[in-house]
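Report on the following structure.
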Amino acid sequence: MRRLLGGLAGLILLGAVAGFIVTAPQRLPDADVAQGPGDAARGARIFWAGGCASCHAAKGAKGNDRLKLGGGAVLKTAFGDFQPPNISPGGDGLANWTLADFDNAMRRGVSPDGRHYYPAFPYTSYARMTPADIADLFAYLGSLPAVAGKPAAGAMAFPYNIRRGIGLWKRVYLDAAPVVALPAKASAPLRAGQYLVEGPGHCSECHSPRTPYGGVDKARWLAGAADPEGKGKIPNITPGKLRWSAAEIADYLKTGFTPDYDSVGGTMVEVQANMAQLSDADRAAIAAYLKAVPAVK
């Protein structure tokens, strides 16, 4: 019996050590970290493509107030309430962050103090961004107004409040590879659209259904999903459902008006306002990609 108990204790200890290793936050290798200085002018494009203001500016902010990134409205989900933090260049935001800190947050979901971020912060999409765009975005954020204050922390119920467990989740769902396999002869605009949609634009975070564990279901990529805040549904935007032409999609992203003269509504209002800041070429590239993804009924 003593041998049996001793062996069992050894297995438990071995399992605990293995679990500790498997769930550890994984930072980027030094050779892969973005190098600065970035270009703030180029970073503005990534800022709007990524919709940073939609989460990190005050709810309902307009005009220049959308550039005051002191933390936005709480995102309420089935897993808990998530509070977007202050990401302004002030002392309560990113003032003490290095570019390496920012890159590890964006592409690995790891905080400067070595903790996992919850994937309400869409780093599973940002993982596909280039180091150059990360550096440019960091430079642009540094040029924005400093905002004082830290929003209150979100609230998570057990077991989701065990942040270390996110390490295991990341091993399943954090993947920097492109989702859609484009043809070898795919045009440069089509590849640019893939990058914007799958990377900084993080369109799948809302438009794709989730697995029971909260990961994006890539088998039903962009096929529509329940609203993460429990209010209705977010539509299928694959060619199997969205019948608009590429030109109509691009125009919708620019103007907010649909081909049948309806106007953008719901949470898409914020997204469209961000997309309107991009160039016509970027919006056309996004539309080209959306016409090329596999159709899902």
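Things worth noting here:
- Only a single item in (1) farther than 19 Å from TYR123 by Cα; (2) surrounded by 17 or more Cβ atoms within 10 Å (Cβ to Cβ); (3) touching a residue at least 24 places away in the same chain (Cβ under 8 Å) is not met by GLY199, and it is number (1).
- Scanning the stretch 68-88 for residues that are buried (at least 20 other Cβ atoms within 10 Å of the Cβ), more than 17 Å from the chain's Cα centre (by Cα) and not polar (S, T, N, Q) yields a count of 1.
- Any hit, the stretch 165-178, residues being in a loop (DSSP other than H, G, I, E, B), without any contact (Cβ under 8 Å) to a residue 60 or more places away in the chain and of a type in the set (Phe, Trp, Tyr): no
- Single unsatisfied condition, ALA146 versus (1) within 25 Å of VAL216 (Cβ to Cβ); (2) of a type in the set (A, V, I, L, M, F, W, C); (3) surrounded by fewer than 18 Cβ atoms within 10 Å (Cβ to Cβ): (1)
- One residue alone among ALA250, ALA285, ALA295, ALA192 is surrounded by fewer than 21 Cβ atoms within 10 Å (Cβ to Cβ) and in a helix (DSSP H, G or I), and that residue is ALA192.
- Check on ASP251, in contact with a strand residue (DSSP E or B) (Cβ under 8 Å, 6 or more places away or on another chain), at pLDDT 95 or above and over 16 Å from GLY51 (Cβ atoms): yes
- Residue count for the stretch 29-65, restricted to those that are in a loop (DSSP other than H, G, I, E, B) and buried (at least 22 other Cβ atoms within 10 Å of the Cβ): 3.
- For the stretch 76-112, taking the residues that are modelled with pLDDT of 95 or more and among the charged types (D, E, K, R), the one that is nearest to CYS203 (Cα to Cα) is identified as ARG107.
- In this structure, ASP280 does not qualify as of a type outside the set (A, V, I, L, M, F, W, C) and under 25 Å from ARG107 (Cα atoms).
- Considering the stretch 77-124, and only residues there that are hydrophobic (A, V, I, L, M, F, W, C) and not in a loop (DSSP other than H, G, I, E, B), the residue that is nearest to LEU196 (Cα to Cα) turns out to be MET106.
- Taking each residue of the stretch 127-146 that is under 13 Å from GLY90 (Cβ atoms) and looking for partners that are among the basic types (Lys, Arg) with beta-carbon atoms closer than 6 Å, six or more apart or interchain, yields PRO145/LYS68.
- Of residues in the stretch 153-165 being among the hydrophobic types (A, V, I, L, M, F, W, C) and farther than 19 Å from PRO85 by Cα, the one modelled with the highest pLDDT: ILE162
- Residue within the stretch 220-238 that is part of a helix (DSSP H, G or I) and of a type in the set (S, T, N, Q) present: no
The values are calculated or read from the model by the stated rules, or taken from the named source; none is laboratory data. What you are looking at is a predicted structure, and each value in this text was computed from that prediction instead of being measured. Ideal geometry is used to build each Cβ from the backbone, glycine not excepted, and the neighbour counts take in all protein chains shown.
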